[in-house]
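In what follows, a single structure is set out as structure tokens and then discussed.
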Amino acid sequence: MKKKVAIIGAGIIGLYTASKLEEKGFDVTVFEKESIENVGKKSCSTLVSKRILNFIEVDKDLIENTVKKCLIKFDKKEVVLEFNPEHIVINREKLVLRMIEKAKFDIVFESKKINCKDFDYVIGADGASSFLRKKLGLKDPGFKIGLKVEDDIKDFSNTVKTFKTNNGFTWIIPKGNYIEYGILEKKENIKKEWKAFGKVGKRSSFAIIPQGLVLADSNKYALVGDATGLTKPWSGGGIIWQLYEAEMLVKHFPDFKRYNRDVKKFFLFFIIKGKIANKLVHFVGNNLSFLVPSYIKYDNDFPCFLKSLFASNQKK
Ligand SMILES: Cc1cc2nc3c(=O)[nH]c(=O)nc-3n(C[C@H](O)[C@H](O)[C@H](O)COP(=O)(O)OP(=O)(O)OC[C@H]3O[C@@H](n4cnc5c(N)ncnc54)[C@H](O)[C@@H]3O)c2cc1C
């Protein structure tokens with residue numbers, strides 16, 4: 001008889017994990033607390049590298065714009081990062097709905113209570129404030145806040161602009177038929193920094209962005225996606241890293257110990273390096289900006305600092 005798996009959360013990561021486990025021969029049911037009308041509406045810029053296409057089929061009509069570069073504005077210097085690979089802006093809500101349409105597993109919307117005893121394995125893909133993480137008594141990862149507003153100004157340019165704030169950054173993303181302004185900051189600073197940025201728009205939303213890595217130590221329960229707190233320390237982007245994480249979960253399923261070990265082995269290095277680089281870039285960019293090249297070719301998912309600088313010199 002097929003082993004039964006419950007996945008909590010029909011976000012991108014829960015749905016991806018569910019489809020892969022279903023392909024592997026498990027009997028999968030996804031539980032989503034929102035209604036079908038509200039699913040996928042989470043606040044998210046959904047600017048990701050084209051690596052997403054290695055995991056998920058993204059139909060052309062879901063791509064709102066292509067982004068090749070990121071301009072970072074420091075006090076006295078502007079640095080251009082050329083994204084390698086290129087990035088795309090995806091309509092998140094439509095992507096989630098498309099994934100749901102294609103799903104070959106059961107999805108229960110507006111789920112209230114999940115009876116874990118009915119399942120052999122339970123996966124928490126239930127986002128930053130994960131219910132399962134709390135139920136298992138695990139500590140929360142740290143959090144920052146992500147806030148965005150949209151304005152109906154057409155912009156099909158290919159450059160994102162970012163401006164360093166004290167503990168994060170503000171951004172302007174050209175999303176084709178509209179522009180997005182946003183901020184990633186610590187809760188206590190966000191009001192002040194957002195006011196200083198001075199952008200207004202028509203539609204606004206916000207959500208917490210976890211920053212850390214929390215894994216469940218269990219033979220029955222596992223966490224994946226935002227529930228584990230795995231986001232890039234320099235950008236708060238989670239989707240690509242979490243798809244790699246989900247891939248590791250599926251590969252080792254149901255050996256959660258090996259899953260945890262592989263995730264730590266692969267990501268801890270990037271997390272620590274990212275946190276140090278964040279502080280360094282902020283200081284050097286604002287105080288010793290002559291040390292920073294004005295053009296850098298950069299892998300925004302798995303950066304290698306030396307390789308990026310080498311690519312910069314070649315371009316010059
Ligand atoms: C403002 C902002 C901008 C961002 N921009 C980017 C970006 O440009 N690129 C990028 O890569 N990342 C970005 N992120 C991060 C990205 O959104 C997350 O890392 C990613 O969406 C996490 O996906 P997930 O499937 O794990 O969680 P989620 O998308 O949060 O999905 C979790 C699902 O679980 C459901 N759920 C929660 N609790 C329960 C429960 N008890 N029972 C049943 N269902 C439940 C929720 O309703 C939701 O549908 C951004 C985040 C924010 C806040």
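The values are calculated or read from the model by the stated rules, or taken from the named source; none is laboratory data. Nothing here was measured: the structure is a model prediction, and the numbers come from that model. Here the Cβ is made from the backbone with ideal geometry for all residues, glycine too, and neighbour counts use every protein chain on show.
Given the residues GLY25, GLY14, which is the only one that is in contact (Cβ under 8 Å) with a residue 12 or more places away in the chain, in contact with a strand residue (DSSP E or B) (Cβ under 7 Å, 6 or more places away or on another chain), not β-branched (Val, Ile, Thr) and not in a strand (DSSP E or B)?
GLY14
Determine whether LYS76 is of a type outside the set (Val, Ile, Thr), under 30 Å from ILE153 (Cβ atoms) and part of a loop (DSSP other than H, G, I, E, B).
Here the answer is yes, as LYS76 does meet what is asked.
Any residue at all in segment 146-161 that is in a loop (DSSP other than H, G, I, E, B) and under 19 Å from the mean Cα position of the chain (by Cα)?
Checking segment 146-161: not a single residue is in a loop (DSSP other than H, G, I, E, B) and under 19 Å from the mean Cα position of the chain (by Cα).
Of all residues in segment 215-268, how many are assigned to a loop (DSSP other than H, G, I, E, B), more than 13 Å from the ligand (Cβ to nearest atom) and within 16 Å of LYS139 (Cα to Cα)?
Total satisfying the criteria: 4.
Just to be sure I understand, how many residues within segment 162-181 are assigned to a strand (DSSP E or B), among the polar types (S, T, N, Q) and touching an Asp or Glu at 6+ places or on another chain (Cβ under 9 Å)?
Residues flagged as assigned to a strand (DSSP E or B), among the polar types (S, T, N, Q) and touching an Asp or Glu at 6+ places or on another chain (Cβ under 9 Å) within segment 162-181 amount to 1.
Is it the case that segment 30-46 has a residue that's more than 6 Å from the ligand (Cβ to nearest atom), in contact (Cβ under 8 Å) with a residue 40 or more places away in the chain, acidic (Asp, Glu) and surrounded by fewer than 21 Cβ atoms within 10 Å (Cβ to Cβ)?
No, segment 30-46 has no match at all.
Please go through segment 282-316 and pick out each residue that is hydroxyl-bearing (Ser, Thr, Tyr) and modelled with pLDDT of 85 or more.
Result: SER294, TYR295, TYR298.
Only one residue in LYS4, LYS69, LYS24 is of a type in the set (D, E, K, R), within 30 Å of PHE169 (Cα to Cα) and more than 9 Å from the ligand (Cβ to nearest atom), so which one is that?
Of the residues listed, the single one that is of a type in the set (D, E, K, R), within 30 Å of PHE169 (Cα to Cα) and more than 9 Å from the ligand (Cβ to nearest atom) is LYS69.
For a quick check of your reading of the model, give me the residue pairs whose first member lies in segment 252-265 and is surrounded by 21 or more Cβ atoms within 10 Å (Cβ to Cβ), whose second is charged (D, E, K, R) and in a helix (DSSP H, G or I), with beta-carbon atoms closer than 9 Å and at least 6 apart or on different chains.
So the pair list comes out as TYR259/GLU245; TYR259/LYS251; VAL263/GLU245.
Please pick out the residue among ALA103, ALA128 that is crowded, with 17+ Cβ neighbours inside 10 Å, of a type outside the set (Phe, Trp, Tyr) and more than 21 Å from PHE156 (Cβ to Cβ).
ALA128
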